[in-house]
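Here's the structure we're looking at; comments come further down.
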């Protein structure tokens, strides 16, 4: 496995592989890998000649009060794990490599690696950005303004650098999948998107790099999220069709089972993310809740046949 | 020359050419070709194995009160001209092909081809768009809000469809060149940009598809724009260094020589488009003026050595 730190280095390597007619799979990540990440890499390794993984904790998708500075990082461990599953290229750019204009902010004492003015979109550095529109304002976007513009911008940049045939995304970040599918479609990006299911701990907690933030008690209580989602799915399968009742039930289960504050619980159309009152078709039940300082998300998709 | 109307058709053709290892040059246009367009095509034909020209009057870069509906169109003439200079593929997509979500607005009586709500960015159809930031708010952007976001969005889409090695742009649209160079850099788009000088009528008027709007008197008076720019450049070469004096002089010459209203006259840094008070280095003198209903632009770049 090659570890490459520059855009030029990746572009050169990709050009060489393309001349050999190789197909390229791509997994964008922020690192601190768990089984969810590895499942995406394994799927790409199975389906493509070459697998490229990017590891970049993207500052423009964090809000000024979010956890950019303390986001967990361990390149040694990550690169061992990526190598073991058969990744060919690990692309690990610096912030300056991805955002050369960020360099200037160092002089003003803002480039400390902590969330800074630059972490907001639109940012004062007057970059060109991708704006995803209203689909980025609901669910997680409501409490993380600019987050999905930051995600879309960095992913488009990465796609332009890596030029993969297929990009692999985890269903854990359900809204991210919907948003990026729309970005690819609306911008005519020449890439296919494949998604992989959520990986869960034995007790049901969705795997996340942020789970390391949890205290032992919080970790124990966090299982309530997946339990509430499973319970909701089972109620829908038993005939419940009222979106609002499902939401109330989930909120009740969470607040009964944990010292958590709920960010949102939503029942939405799985394609357009618009709220559904009467459940039918493919619905996404998505939620976010805070355990202490740690914000966790989880979701489940339920398919309702007929009425 | 192949005339292709669908994205899929172009992508299929490009994939075939890429397998043969051909290099691809690309000229994005809104049609109604003049010598300026043809010079871009000829340059691409000289420098690449294959030349693709797109012809698309992009609604998202027109304001609601602008000339989208009456913008001159003549596909028969354009395709003959493109064929003659050696263009290989003429991509002529419909509005619906480029913006499938536009289809829906037809039902609401908005999709008449005239400037509609969809013509504004951000548009009510909630598309993903490229936002170019403050560089799109000055010069032409000041009187055409959203224009450069519309240009950037459609050009990124076209680049993603055509995936050329080189894109050719005319220096007539000086701000467009600066903006698109920034888009390519900030978004890491894998394409080089080459520019070609302004083509002028024998009397000096910059060639433009919009010149057909001019009445005989307006046409005659419009020569004042290029004359004022040449005069300003000559003053700078003779030692004038005051940006504001240059601007006043140009405005005076235009208003003396024509029944025109001035949109703007600016002396700016040729790279970042920021205004320059004391002229040095590479400066762009750019202007826009209205002759009746017709808005014309022109510009000249002057290089000042030393002080």
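Every number here is computed from the coordinates shown, using simple stated rules; none is lab data. Source: prediction; values computed, not measured. Cβ: placed from backbone, ideal geometry, glycine included. Neighbour counts: every protein chain shown.
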(request) Can you give me the three principal axis dimensions of the range B:209-298 from its C-alpha atoms, in Å, biggest first? (result) 38, 24, 16
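Given the DSSP H assignment, sum -39500 (n - 2.57) over each helix run of at least 4 residues in chain B and divide by its residue total; what's the result at 222 nm in deg cm²/dmol, nearest 500?
Numbers: 11 runs with 115 residues, N = 307.
Result for chain B: -11000 deg cm²/dmol, rounded to the nearest 500.
When only Cα pairs under 8 Å and 6 or more residues apart are kept, what is the percent relative contact order across chain A? The partial results should precede the final answer.
Details: 541 pairs, mean separation 49.9, N = 307.
Normalised by residue count, the contact order of chain A is 16 percent.
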(message) At 7 Å along Cα-to-Cβ for each site, give me the label-to-label distance between residue B:142 and residue B:261 in nm.
(response) 1.6 nm
(request) Starting from one equal scatterer on each C-alpha and no solvent at all, send me the Debye-based log10 I(q)/I(0) for the range A:2-196 at q = 0.08, 0.09 Å⁻¹, two decimals. (result) -0.25, -0.32
(request) Sort the range A:7-102 into rounded, prolate or oblate with this rule: let a ≥ b ≥ c be the square roots of the eigenvalues of the Cα gyration tensor; rounded if a/c is under 1.5, and if a/c is not under 1.5, prolate when a/b is larger than b/c, oblate otherwise. (result) oblate
(request) Treating the Cα atoms of the protein assembly as shown as identical point scatterers in vacuum, please give the log10 of the normalised Debye intensity I(q)/I(0) at q = 0.11 Å⁻¹, two decimals. (result) -1.13
(message) Compute a Gaussian network model of chain A, connecting alpha carbons closer than 10 Å, and tell me which residue from A:197, A:93, A:216 fluctuates the most.
(response) A:216
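Out of all DSSP beta bridges in the protein assembly as shown, what portion is antiparallel? Express it as a percent rounded to 5. Please report the intermediate quantities before stating the final value.
Values: 47 of 85 bridges.
Percentage antiparallel, nearest 5: 55.
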(message) Over chain B, with a Gaussian network built from C-alpha contacts below 10 Å, which listed residue (B:210, B:16, B:290) shows the highest mean-square fluctuation?
(response) B:16
(request) Can you pull the one-decimal nm distance between simple spin-label points at residue B:217 and residue B:66, each 7 Å off the Cα toward Cβ? (result) 2.8 nm
(request) Mind pulling the angle between the C-alpha long axis of helix B:243-257 and the longest principal axis of chain B? Nearest 10 degrees, somewhere in 0 to 90. (result) 80 degrees
(request) Every other copy gets compared here: list the nm distances from the residue A:84 label point (7 Å along Cα to Cβ) to its counterparts, shortest first, one decimal. (result) 6.8
(request) Identify which of A:212, A:154, A:177 has the largest mean-square fluctuation in a Gaussian network model of chain A, with springs joining Cα atoms closer than 10 Å. (result) A:212
(request) Evaluate E = 1/(1 + (r/R0)^6) for residue A:251 and residue B:5, where r is the Cβ-Cβ distance and R0 equals 60 Å; express this FRET efficiency to the nearest 0.05. (result) 0.70
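Can you work out the FRET efficiency for the pair residue A:244 and residue B:305, with r the C-beta to C-beta distance and R0 = 45 Å, to the nearest 0.05?
Working: r = 72 Å, r/R0 = 1.59.
About 0.05, to the nearest 0.05.
Mind sorting B:65, A:252, B:185 by how few other Cβ atoms lie within 10 Å of their own Cβ, fewest first? Intermediate values should be presented prior to the final figure.
Working: B:65 8, A:252 11, B:185 14.
The fewest-first ordering by Cβ neighbours comes to B:65, A:252, B:185.
Using DSSP, restrict attention to beta bridges with both residues in chain A and report what percent are antiparallel, rounded to the nearest 5.
Numbers: 22 of 41 bridges.
Counting DSSP beta bridges with both partners in chain A, the antiparallel share is about 55 percent.
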(message) Using a 10 Å cut-off around each Cβ of peptide A:183-189, what is the average number of partner chain Cβ atoms that fall inside?
(response) 6
(message) Residues of the range B:288-307 with the amide nitrogen closer than 18 Å to a label point 7 Å from the Cα of residue B:203, along Cα-to-Cβ, please.
(response) B:289-299
(request) Could you pull the copy-to-copy label distances for residue A:18, with points set 7 Å along Cα to Cβ, in nm to one decimal and sorted shortest first? (result) 0.6
(message) I need the inter-copy label distances for residue B:282: point set 7 Å along Cα to C-beta, values in nm with one decimal, smallest first.
(response) 4.8
(request) Could you calculate the FRET efficiency of residue A:101 with residue B:47 from 1/(1 + (r/R0)^6), where r is the beta carbon distance between them and R0 is 35 Å, rounded to 0.05? (result) 0.70
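For B:23, A:266, which order do you get if you count the other beta carbons within 10 Å of each Cβ and list the fewest first?
Numbers: B:23 14, A:266 23.
Exposure proxy ranking, most exposed first: B:23, A:266.
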(request) Would you tell me which residue of chain A has the beta carbon closest to the rotation axis bringing chain A onto chain B, and how many whole Å away it is? (result) A:131, 2
